[in-house]
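Asker: Take a look at the following structure, please.
The values are calculated or read from the model by the stated rules, or taken from the named source; none is laboratory data. These numbers come from a predicted model, not from an experiment. Note that each Cβ is placed from the backbone with ideal geometry, even for glycine, and that neighbours are counted across all protein chains shown. SASA here: full protein model, heavy atoms, side chains in, ligands and nucleic acids out. Shrake-Rupley method; radii C 1.70, N 1.55, O 1.52, S 1.80 Å.
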Amino acid sequence: MGKAKHDHKLQLGLVRMQAAMAKSGERAVVVLEGRDTAGKDGTIKAITKHLSVRNTRVVALPKPSDREQSQWYFQRYVSHLPAAGELVIFNRSWYNRAGVEVVNGFSTHAEQAQFLRDVPDFERMLVENGIKLVKLWLDIDKDEQARRLEKRRTDPLKALKMSSLDAVAQDKWDEYSAARDTMLERTHSVWAPWTCVRGDDKPAARKAVIRHLLHAIADDDVAHDIKQPNGDVLFTFELDALKDGRLAE
């Protein structure tokens, strides 16, 4: 099967998935986390390319306001959860507290510890309420991140992707690795497992993610003729992955 025909089949699968969700009232949340420059934005564009704007929402929240900082931590995320027939994609999510905030000191150790205790129960409540929850971690190696960061700095079309955190992504690589490892180990659960994606090859990663979403969210009549993702690119998290090279150290 040619590349164009293959991609068309995956995109058609997503459209059929959303049509079935609109009819059944199914609700789904995709949590998309990963290293800086790991390809979150491009992956979201690949997923939503042909989907209904009305039934698809991409949530990328800014820094919390003073009022939001005084609220229950999960409160501002809850307001963005899907209603019947909706797909919500969080481009970074409540897991900011386990990653960016840990590395850059944006929250206290006590707040971070409470988050790690609370998030499995929070996600269990979402799943028990009927929401299909898919958690994706996009990983890349250090050299590839450096290459992509340099391209952001030198390509005027990528200027809007630059952030203050880009400047420390390489310097704090080890800190981000440690935070990632703790997050995956402490928040991986039977009801809300983490799925890891090796993102050095962007097209392969996006294709694997779409395949995974179709199998995780779509009905059997949509997913049955979609191949499973390439296991060398996408896999369910397990502790061995922290040391066997599947996740960048």
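Asker: If you place +1 on the Cβ of every Lys and Arg and -1 on the Cβ of every Asp and Glu, how big does the dipole about the Cα centre of region 1-148 come out, in debye to the nearest 20? Please report the intermediate quantities before stating the final value.
Answerer: Details: 24 positive and 18 negative charges, 156 e Å.
So the magnitude is around 740 debye.
Asker: Let me ask something additional. Ignoring any ligand, DNA or RNA, what whole percent of the accessible area of region 142-224 comes from carbon and sulfur when the probe is 1.4 angstrom? Please report the intermediate quantities before stating the final value.
Answerer: On the way: 2280 of 4440 Å².
In region 142-224, the share of accessible area belonging to carbon and sulfur is 51 percent.
Asker: Still on this structure, please answer the following. Any idea which of 233, 169, 154 is furthest toward the positive side of the dipole for region 133-238, if Lys and Arg beta-carbons carry +1 and Asp and Glu beta-carbons -1?
Answerer: Highest projection toward the positive end goes to 154.
Asker: Could I ask something else about it? Expected output is a single nm value to one decimal: the length gained when fully extending between residue 53 and residue 129, i.e. 0.36 nm times separation in residues minus the C-alpha distance. What is it?
Answerer: Working: separation 76, 0.36 × 76 = 27.36 nm, distance 2.42 nm.
Taking residue 53 through residue 129 to full extension adds about 24.9 nm, to one decimal.
Asker: For region 64-157, what's the relative contact order in percent, using C-alpha pairs closer than 8 Å and at least 6 residues apart?
Answerer: Numbers: 20 pairs, mean separation 11.1, N = 94.
Normalised by residue count, the contact order of region 64-157 is 12 percent.
Asker: Please arrange 200, 7, 220 by accessible surface area, largest first, computed with a 1.4 Å probe and ligands excluded. All intermediate terms of the calculation are to be shown ahead of the outcome.
Answerer: Numbers: 200 70, 7 50, 220 125 Å².
From most accessible down to least: 220, 200, 7.
Asker: Using 0.36 nm times the number of residues separating residue 189 and residue 116, minus their current alpha carbon distance, what extension gain do you get? Don't skip to the end; give the middle numbers.
Answerer: Values: separation 73, 0.36 × 73 = 26.28 nm, distance 1.21 nm.
Gain on extension, residue 189 to residue 116, equals 25.1 nm.
Asker: Here is a follow-up. Need the C-alpha centroid separation for region 202-249 versus region 20-99, integer Å.
Answerer: 19 Å
Asker: Sorted from largest down, what three extents in whole angstroms do the Cα atoms of region 48-174 have along their principal axes?
Answerer: 45, 43, 29
Asker: Same structure again: Mind checking the per residue accessible area of the chain for me, 1.4 Å probe, whole number of Å²?
Answerer: Numbers: 12850 Å² over 249 residues.
That works out to 52 Å² per residue.
Asker: Moving on. Of 247, 44, 131, which is farthest towards the positive pole of the chain's charge dipole, taken about the Cα centre with +1 and -1 on the beta-carbons of Lys, Arg and Asp, Glu respectively?
Answerer: Farthest along the dipole direction, towards plus: 44.
Asker: Also: Report ³J(HN,Hα) in whole Hz for each residue of region 189-194, in order, from the Karplus equation J = 6.51 cos²θ - 1.76 cosθ + 1.60 where θ = phi - 60°; Gly and Pro get x.
Answerer: 9, 4, 7, 9, x, 8
Asker: Along the charge dipole of the chain, Cβ charges K/R +1 and D/E -1, which of 98, 84, 114 sits furthest on the positive end?
Answerer: Highest projection toward the positive end goes to 84.
Asker: Next question, about the same structure. Please work out the C-alpha center-to-center distance from region 108-122 to region 154-200 and express it in whole Å.
Answerer: 19 Å
Asker: Please compute the contact order of the chain in relative form: average sequence separation of alpha-carbon pairs under 8 Å and at least six residues apart, divided by the residue count, as a percent. Please report the intermediate quantities before stating the final value.
Answerer: Numbers: 340 pairs, mean separation 65.7, N = 249.
This gives 26 percent for the chain.
Asker: Placing +1 at every Lys and Arg Cβ and -1 at every Asp and Glu Cβ, with all other atoms neutral, what dipole size does the chain have around its Cα centre, in debye to the nearest 20?
Answerer: Working: 40 positive and 37 negative charges, 228 e Å.
That gives a dipole near 1100 debye.
Asker: Can I ask one more? Could you work out, for region 79-153, what percent of all Cα-Cα pairs fall into each 5 Å distance bin, beginning at 0 Å and stopping at the bin that holds the largest distance?
Answerer: Answer for region 79-153: a P(r) of 3, 11, 17, 19, 18, 14, 11, 6, 1 percent.
Asker: Sticking with this one: Given a Förster distance of 51 angstrom, what is the FRET efficiency for residue 160 paired with residue 239, based on the Cβ-Cβ distance and rounded to 0.05? Before the final figure, lay out the partial values.
Answerer: On the way: r = 38 Å, r/R0 = 0.74.
Efficiency, from the Cβ-Cβ distance: 0.85.
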